[in-house]
Amino acid sequence: MKPPFWLLCCLLLSPLFEGTSGAKEKKKTPQGAEERSVRTSTVFGIESPVMDLDCIAGQRISTTVKIDNPNDQAAFFRVEPVGIIAGGGASLERPPMATLPSEHLSRHVSIESSEIIIPGKSYKNVVINIDVPATLKGTQYTGLAVANASPSLKEPGVQRKSEYEASVGLGLQPGIGVTIKCHIQGTLHHGYAVTKVSVSPSQGNQPTTALAELRNTGNAELKLNPTLVLIDANSGKVAIQMKTEGTVTLIPGATKQVEFQPV
């Protein structure tokens with residue numbers, strides 16, 4: 001399956017105050033008057049915003065993130081590692097990098113270049129290297145922050161910062177987060193438990209529904225398509241079969257409530 005493609009758009013409509021997301025370029029006409037062209041968009045795309053990698057403890061794994069610049073003008077991007085951990089709930093948390101232990105996966109990410117200029121109507125595949133510590137097990141997480149930092153274009157001959165006067169409608173530097181899941185082969189343990197189930201009988205036009213609480217008891221991320229079967233206590237036969245609307249994702253240690261509907 002082709003990985004998902006995210007597109008983030010921020011249109012800068014009116015010059016309200018100074019910022020970093022848009023710019024007016026000053027040019028002098030032959031008559032000495034100023035001619036200005038306005039950067040009106042900070043659109044850019046990322047492929048893929050979520051990566052699933054098969055990793056081996058103690059070895060390096062490399063991947064790429066595609067940054068697409070569909071605008072007419074060149075754009076300047078910053079790419080930085082981001083710390084990500086599996087929190088106590090059902091979602092991932094992004095603590096400051098400085099608070100993470102030295103063996104955390106996020107501290108072992110290196111990027112081909114943290115500052116990148118991409119010409120208009122073009123893209124670049126940026127190489128990401130991860131040196132997986134030998135002590136890590138299960139599913140480990142890290143991430144990237146990709147930000148459109150135009151108009152701070154530094155490369156001579158492309159666009160110079162001194163040629164610009166920042167004037168934007170929103171004080172915003174658009175960015176997209178990338179989540180990297182590193183499944184360390186040979187150390188994955190999959191397990192789950194159903195800790196609670198409640199059933200709501202049908203009423204009027206409303207069908208029978210059920211709510212179950214699932215807990216990931218292993219060290220690997222789980223993707224489930226659970227089915228709930230209700231048995232008639234008198235006959236011992238299946239009374240109703242129920243499923244979730246989609247795939248349920250459980251990070252290690254997470255507990256999540258899942259709603260079931262009749263098939």
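Does segment 49-63 hold any residues that are assigned to a loop (DSSP other than H, G, I, E, B) and within 15 Å of the chain's Cα centre (by Cα), and which are they?
Taking segment 49-63 as the starting set, the residues that turn out to be assigned to a loop (DSSP other than H, G, I, E, B) are 49, 56-59.
PRO49, the sole residue that qualifies.
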### Flag for GLN31 being modelled with pLDDT under 50 and not hydroxyl-bearing (Ser, Thr, Tyr)
yes
### Message
All but one of (1) in a strand (DSSP E or B); (2) more than 30 Å from MET51 (Cβ to Cβ) hold for THR249; state the number of the condition that does not hold.
### Response
(2)
### Task
Output the residues belonging to segment 89-111 that are in contact with a strand residue (DSSP E or B) (Cβ under 8 Å, 6 or more places away or on another chain) and outside any helix (DSSP H, G or I).
GLY89, ALA90, LEU92, GLU93, ARG94, PRO95, LEU100, HIS104, VAL109, SER110, ILE111
### Query
Cβ-Cβ below 6 Å, separation at least six or inter-chain, first residue in segment 87-101 and more than 23 Å from THR217 (Cβ to Cβ), second part of a loop (DSSP other than H, G, I, E, B) and hydrophobic (A, V, I, L, M, F, W, C): which pairs?
ARG94/ILE84
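Yes/no per residue for (1) part of a loop (DSSP other than H, G, I, E, B); (2) under 16 Å from the mean Cα position of the chain (by Cα):
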| position | (1), (2) |
| --- | --- |
| ILE46 | no, yes |
| VAL65 | no, yes |
| SER113 | yes, no |
| ILE116 | no, no |
### Task
Filter segment 205-235 for residues that are without any contact (Cβ under 8 Å) to a residue 60 or more places away in the chain and open to solvent by less than 50 Å² (accessible area, probe 1.4 Å) and give the result.
THR208, THR209, ALA210, ALA212, GLU213, LEU214, ASN216, LEU222, LEU224, PRO226, LEU228, LEU230
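Among residues belonging to segment 115-130 that are open to solvent by 60 Å² or more (accessible area, probe 1.4 Å) and under 19 Å from VAL178 (Cα atoms), point out the one that is modelled with the lowest pLDDT.
So in segment 115-130, the residues open to solvent by 60 Å² or more (accessible area, probe 1.4 Å) come out as 115, 119, 121, 123-125.
If we keep only those that are under 19 Å from VAL178 (Cα atoms) too, we end up with 115, 123-125.
Numbers: GLU115: 94, TYR123: 97, LYS124: 97, ASN125: 97.
Among residues in segment 115-130 that are open to solvent by 60 Å² or more (accessible area, probe 1.4 Å) and under 19 Å from VAL178 (Cα atoms), the one modelled with the lowest pLDDT is GLU115.
The values are calculated or read from the model by the stated rules, or taken from the named source; none is laboratory data. Note that the structure is predicted; figures quoted are calculated from it, not measured. Virtual Cβ from ideal backbone geometry, glycine too; neighbours counted across all protein chains shown. The accessibility values were calculated without ligands, DNA or RNA, using every heavy atom of the protein model including side chains. Shrake-Rupley method; radii C 1.70, N 1.55, O 1.52, S 1.80 Å.
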